[in-house]
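Participant: Provided herewith is a single structure, encoded as structure tokens, for subsequent inquiry.
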Amino acid sequence: MIEVNDLRKAFGDVEAVRGVSFSVAPGEVFGFLGPNGAGKTTTINMLCTLLRPTSGSATVAGHDVARERDDVRRHIGLVFQDPTLDGHLTAEQNLRLHAELYGVPSALVAPRMEQVLTMVGLIDRRGGEVKTFSGGMRRRLEIARGLMHSPRVLFLDEPTIGLDPQTRSSIWRYIHELREREEITIFMTTHYMDEAEFCDRIAIMDQGQIVALDTPAALKAQVGADRIRIETEDDEAALKALAEYDATRSEGGIAFYVPEGAQFIPRLFAELEVPITSVSVSRPSLDDVFMSFTGKTIRDAEAAPNANRMIMRMVAGR
Ligand SMILES: Nc1ncnc2c1ncn2[C@@H]1O[C@H](COP(=O)(O)OP(=O)(O)OP(=O)(O)O)[C@@H](O)[C@H]1O
């Protein structure tokens, strides 16, 4: 549904996107994960035909984003970071306006409106002026509007940014319901690690390039080991017994890494002669994945100005 080949975008000296290639299958929820400034919005804008690529090529629903812009636009729905609803119009009027702009046949407008407003839980507020809606309601209405013309691909740029955790999870519920009900491909950007987990596949982007691309599970498996932390009645003896795992002292206990934590625990209890008073296993998170591919946490990547990033890379030997 989306094919991208060595796509690049430079703004003067700033190389925002530095040669990305990937493809997205029909029906997939595909996520672009990366810190602020990684180049996610620039990539999405090129795929939506809002920005012309400097070089490289991309097709969306079979149409070239540079040469067949109108065809691409007809097949996509957009939900952007910045709201674009008209606050003085009602929910219904906003959707109707969008349907007219997209040339939705008039007989289809009312049933489609009912369908999308029901999907995002706003059918009872259809007559309310948008300026009276909460941030979460507006975002849901934006999603409904993006779906009015039955696009084949829905692009969502940070769909949950600035929303509280409860509203974020309800937005995700709608996105998943949407995928079950409609034949639609979803391409989204996020810099929330926990949200990336909801995607079928994730491309991790850093400084204009894709540094990793796979399912969340496979990415985590690449990072490998589970972390085990135990507290015992005799840490000194336990450290000796666990020397082969390079166990170290950690936060008043002992920590070490094994490939399959859950399977290791029963053996640990059976074989370690020192009594264990507490145990925890943590699976690698997408934070660990980001760290292993970029050498920094996603928060550091956002906070660090470029000079600091270079120093961090030098320190990391990269
Ligand atoms: N119109 C523009 N002119 C100049 N530089 C730009 C322009 N748009 C983006 N950039 C630069 O390109 C780089 C990538 O920006 P982009 O907005 O694509 O990142 P992002 O990953 O989407 O971040 P965010 O999540 O903050 O939107 C940044 O260095 C940004 O300053």
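The values are calculated or read from the model by the stated rules, or taken from the named source; none is laboratory data. Quantities reported herein were computed from a predicted structural model and do not represent experimental measurements. In this analysis, Cβ positions are derived from the backbone assuming ideal geometry, glycine residues included, and neighbour counts consider all displayed protein chains.
Participant: Take the residues in the stretch 196-217 that are in a helix (DSSP H, G or I) and in contact with a helix residue (DSSP H, G or I) (Cβ under 7 Å, 6 or more places away or on another chain); name whichever of them is nearest to the ligand (Cβ to nearest atom). Before the answer, list the steps.
Facilitator: Taking the stretch 196-217 first, the residues in a helix (DSSP H, G or I) are 196, 216-217.
Subsequent filtering for residues that are in contact with a helix residue (DSSP H, G or I) (Cβ under 7 Å, 6 or more places away or on another chain) retains 196, 216.
On the way: A196: 13, P216: 19 Å.
Among residues in the stretch 196-217 that are in a helix (DSSP H, G or I) and in contact with a helix residue (DSSP H, G or I) (Cβ under 7 Å, 6 or more places away or on another chain), the one nearest to the ligand (Cβ to nearest atom) is A196.
Participant: Related question: Find the strands (runs of 3 or more DSSP E) located wholly in the stretch 246-304 whose residues include 3 or more that are crowded, with 17+ Cβ neighbours inside 10 Å and modelled with pLDDT of 85 or more, and list them.
Facilitator: On the way: elements: 248-250, 253-258, 276-282.
Output list reads 253-258.
Participant: I've got another one for you. How many of the residues making up the stretch 145-162 are within 15 Å of the ligand (Cβ to nearest atom) and at negative phi? Reasoning before the result, please.
Facilitator: Just the residues of the stretch 145-162 that are within 15 Å of the ligand (Cβ to nearest atom), to begin with: 155-162.
Narrowing further to those that are at negative phi: 155-157, 159-161.
Residues flagged as within 15 Å of the ligand (Cβ to nearest atom) and at negative phi within the stretch 145-162 amount to 6.
Participant: Could you tell me whether T54 is over 30 Å from G12 (Cα atoms) and either in the same structural domain as D6 (by the TED database) or crowded, with 17+ Cβ neighbours inside 10 Å (or both)?
Facilitator: Numbers: over 30 Å from G12 (Cα atoms): no; either in the same structural domain as D6 (by the TED database) or crowded, with 17+ Cβ neighbours inside 10 Å (or both): yes.
It is false that T54 is over 30 Å from G12 (Cα atoms) and either in the same structural domain as D6 (by the TED database) or crowded, with 17+ Cβ neighbours inside 10 Å (or both).
Participant: Now, a different point. Tell me which of these P111 doesn't satisfy, since it passes every other one: (1) surrounded by 13 or more Cβ atoms within 10 Å (Cβ to Cβ); (2) away from the ligand (no atom under 16 Å from the Cβ); (3) outside any loop (DSSP other than H, G, I, E, B).
Facilitator: Unmet for P111, out of (1) surrounded by 13 or more Cβ atoms within 10 Å (Cβ to Cβ); (2) away from the ligand (no atom under 16 Å from the Cβ); (3) outside any loop (DSSP other than H, G, I, E, B): (1).
Participant: Right, something else. Of the numbered conditions (1) in a helix (DSSP H, G or I); (2) out of contact with any Ser or Thr (no Cβ under 8 Å at 6 or more places or on another chain); (3) more than 23 Å from I44 (Cα to Cα); (4) not polar (S, T, N, Q), A144 satisfies every one except a single condition; which is it?
Facilitator: The one condition A144 does not meet is (3).
Participant: So, one more: Restricting the search to the stretch 16-44, which residues are near the ligand (Cβ under 6 Å from one of its atoms) and either under 23 Å from D288 (Cα atoms) or without any contact (Cβ under 8 Å) to a residue 12 or more places away in the chain (or both)? Spell out the reasoning first.
Facilitator: Of the residues in the stretch 16-44, the ones near the ligand (Cβ under 6 Å from one of its atoms) are 16, 34, 36-42.
G34, N36, G37, A38, G39, K40, listed by residue number.
Participant: Please tell me if K220 is without any contact (Cβ under 8 Å) to a residue 60 or more places away in the chain and either outside any loop (DSSP other than H, G, I, E, B) or surrounded by fewer than 18 Cβ atoms within 10 Å (Cβ to Cβ) (or both).
Facilitator: Details: without any contact (Cβ under 8 Å) to a residue 60 or more places away in the chain: no; either outside any loop (DSSP other than H, G, I, E, B) or surrounded by fewer than 18 Cβ atoms within 10 Å (Cβ to Cβ) (or both): yes.
So K220 does not fit the description; no.
Participant: On to the next question. Determine, yes or no, whether Q81 is within 15 Å of the ligand (Cβ to nearest atom) and either assigned by the TED database to the domain that holds R125 or not in a strand (DSSP E or B) (or both).
Facilitator: Details: within 15 Å of the ligand (Cβ to nearest atom): yes; either assigned by the TED database to the domain that holds R125 or not in a strand (DSSP E or B) (or both): yes.
Judged against the criteria, Q81 is a match.
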